[in-house]
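K.L.:
Below you'll find the structure I mean.
Values in this text are rule-based calculations from the coordinates and carry no lab data. This structure is a prediction, so every number in the text was calculated from the model and none was measured. A quick note on method: Cβ atoms are made from the backbone with ideal geometry, for glycine too, and the neighbour counts reach across all protein chains shown.
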Amino acid sequence: MFRAFGWQDLIPLAKGAWLTIQLCAVSGILGIFFGLILGLARTSPSRIARWISTIYIFCIRGIPILVIIFFIFFGIPLLFPGMELDKFAAAVIALTVFAAAYVAEIVRGSIEAIPKGQSEAAEALGLDYWRKLRYVVLPQAMKIMVPPGVGFLIGLVKDSSLVTVTGFIELTQAGNIVTNLTGDPIKTFLVVAAMYFIICYGISRLGRLYERRTGIHINALKLPEPAGL
Amino acid sequence: MIFVNDLHKKFGPNHVLKGVNCHIREQEVVCVIGPSGSGKSTFLRCMNGLESITSGSIVINKHTLNDSKTNINLVRQEVGMVFQHFNLFPHLRVIDNVMLAPLRVSRISKEEAHAKAETLLAKVGLAQKMDAYPGNLSGGQMQRVAIARALAMDPKIMLFDEPTSALDPEIVGEVLTVMKDLASEGMTMVVVTHEMGFAREVADRVIFMDQGLIVEEGSPEQIFASPQHERTQGFLSKVL
């Protein structure tokens, strides 16, 4: 027997939203961390590093995220018998594996967008590869990464709804449960949609704030690339 | 100071330098002139390892550039470079542009680096722009900051790659003045330039390059007043 959708139903939805935020925060941070490493590897002078990161990125980008989730959730317990993987951990691993590949491409694009003259000036001053990255290339690349990075994080929040297939009770799954109790998918999923929107809008605003605080000087120096010879 | 021996540089099938030989002495100011595509910028860029050498050798202060045992970053600390497009770091204030290498490469103290950068900026007439960002400077000011930045590592040699080619004609003078001061202080300088007036006035020696070779070299009087080679004559008749 259904009961009417009421205020008390907001509590499981809010709990689901909170789990979605936690899930995306953890996998977003891990994804950025590994994505940065992969992105640096992809632009590194070492052929092996480039090779490994390129293969990883192409493989992951060629696989639907749902398949990655299934693979981790059902595959890991089989590959490592006896390993207890809770649903949250499985979801974090799946989203991180997915996010790292995309973040890596954003990182690569931003590094490659920095004019070659910047690297050359740093090298001419005697900065080695890591110092050149640390003090010249990355500070500028970071600012370029922010807009696509924010876009990607928003995508990640929405894609995280796919982990419902594991039974993990994040926002979408909480919506399912509430719908089963109340028989009112319209109200329930309107609330769910509003909660997703608020999370995504919050990320956008944070991104804008960051851009406004740091992005003032970056485009001040627009110069043509040196002609070469 | 700099010995260049049979230097060849190929970009794929494109043979840009075809056996350049040259010796640059301490405190000498050498201007390299020639038509575009003659390889003069590539020649300069080979001298601090920005371009790898295909064959031949460059020896700077006893460091052999294309020797795998040579730490190129150590050589670069002795060789300052100024680029056509300045290549200032836009995310750093002027003073931080100048301080970066002393702070991060030489690892001197912040106070010392700051004092040094201030002195150098005063020297190029930009002490008042210390806290500005490069994007708020004029081209001439940017290039003077770039010179100060290169000087911050106390280089023994300064390389200039068409330092005034990206500047409006009316502000070329302010950059050339700084370079003249530097030359008169006894800095060893190699300048790729289209400023024939500067070459004539400041250079101890002028090198004319064409098609990847040094065609002719000599004192400015020799090169400008009585060029021997017909390609030199042809080039000079077009630019003077």
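K.L.:
Would you list which aspartates and glutamates come within 20 Å of B:LYS10, measuring only between C-alpha atoms, while excluding same-chain residues fewer than 8 positions from it?
P.N.:
List returned: A:GLU120, B:GLU51, B:ASP67, B:ASP161, B:ASP210.
K.L.:
Any idea how far apart A:LYS15 and B:GLU118 come out in nm if each label point goes 7 Å out from Cα toward Cβ?
P.N.:
Spacing of the two 7 Å Cα→Cβ label points: 6.3 nm.
K.L.:
Could you tell me what fraction of 2.2 N^0.38 Å the Cα radius of gyration of chain B comes to, as a two-decimal ratio?
P.N.:
1.01
K.L.:
Measure out, as a whole number of angstrom, how far apart the alpha-carbon centroids of region A:90-117 and region B:173-237 sit.
P.N.:
48
K.L.:
Which aspartates and glutamates, if any, have their Cα less than 15 Å from the Cα of A:LYS187, not counting same-chain residues under 8 positions apart?
P.N.:
The reachable aspartates and glutamates, counting only those whose Cα sits under 15 Å from A:LYS187, are A:ASP9.
K.L.:
Starting from the Cα of A:LYS87, draw a straight line to each of the lysines and keep only those under 27 Å, dropping any in the same chain fewer than 8 residues away.
P.N.:
List returned: A:LYS15, A:LYS158.
K.L.:
Where does region B:124-228 land on the Kirkwood hydrodynamic radius, alpha-carbon pairs, in angstrom?
P.N.:
Value: 15.0 Å, from the Cα pair sum.
K.L.:
Check which residues have an amide H placed less than 5 Å from B:GLU216's amide H, if you skip close sequence neighbours.
P.N.:
B:PHE208
K.L.:
While we're looking at this one, here's another question. Using a 10 Å cut-off around each Cβ of peptide B:128-141, what is the average number of partner chain Cβ atoms that fall inside?
P.N.:
Taking all residues of B:128-141 together, the mean is 2.
K.L.:
Using the Kirkwood formula over every pair of different C-alpha atoms, what hydrodynamic radius in Å results for the protein assembly as shown?
P.N.:
25.9
K.L.:
Give me log10 I(q)/I(0) at q = 0.19 Å⁻¹ for region A:19-78, Debye formula, one equal scatterer per alpha-carbon, no solvent.
P.N.:
For region A:19-78 at q = 0.19 Å⁻¹, log10 I(q)/I(0) is -0.87.
K.L.:
Using the Kyte-Doolittle scale, find the helices of chain A whose mean hydropathy is at least 1.0 and whose Cα atoms extend 30 Å or more along the helix's long axis, counting only whole DSSP H runs.
P.N.:
A:10-42, A:87-113
K.L.:
Treating only the Cα positions of region B:13-92 as identical point scatterers, give the base-10 log of I(q)/I(0) from the Debye formula at each q in 0.11 Å⁻¹.
P.N.:
Log10 I(q)/I(0), no solvent term: -0.34.
K.L.:
Given A:ILE63, A:THR43, A:ILE186, which one lies farthest toward the positive end of the charge dipole of region A:7-215, if we put +1 on the Cβ of every Lys and Arg and -1 on the Cβ of every Asp and Glu?
P.N.:
A:THR43
K.L.:
In addition: Would you please calculate the Kirkwood hydrodynamic radius of region A:7-215 over all C-alpha pairs and express it in Å, rounded to one decimal?
P.N.:
18.8
K.L.:
With θ set to phi - 60° and the Karplus curve 6.51 cos²θ - 1.76 cosθ + 1.60, what are the ³J(HN,Hα) couplings of region B:104-113 in order, to the nearest whole Hz, using x for Gly and Pro?
P.N.:
9, 9, 7, 6, 7, 5, 4, 4, 5, 5
K.L.:
Considering only the protein assembly as shown, what is the antiparallel percent among its DSSP beta bridges, to the nearest 5?
P.N.:
For the protein assembly as shown, the DSSP antiparallel bridge percentage is about 55.
K.L.:
Contact order normalised by length for chain B, with contacts defined as Cα pairs under 8 Å and 6 or more residues apart; what percent is it?
P.N.:
27
K.L.:
Moving to a separate point now. If you line up the Cα atoms of region B:176-225 on their principal axes, what length do they span on each, largest first, in Å?
P.N.:
Between the extreme Cα coordinates on each principal axis of region B:176-225 lie 31, 22, 17 Å.
K.L.:
In terms of modelled amide H atoms, which long-range or inter-chain residues lie less than 5 Å from the amide H of B:GLY19?
P.N.:
Sorted by chain and number, the residues that satisfy this are B:LEU7, B:HIS8, B:LYS9.
K.L.:
Using just the helices of chain B, give the 222 nm mean residue ellipticity in deg cm²/dmol: DSSP H runs with n ≥ 4 each add -39,500 (n - 2.57), and the total is spread over all residues, rounded to 500.
P.N.:
-10500 deg cm²/dmol
K.L.:
Continuing with this model, one more query. Against the longest alpha carbon principal axis of chain B, how many degrees, from 0 to 90 and to the nearest 10, is the axis of helix B:139-151 turned?
P.N.:
The angle comes out at about 90 degrees.
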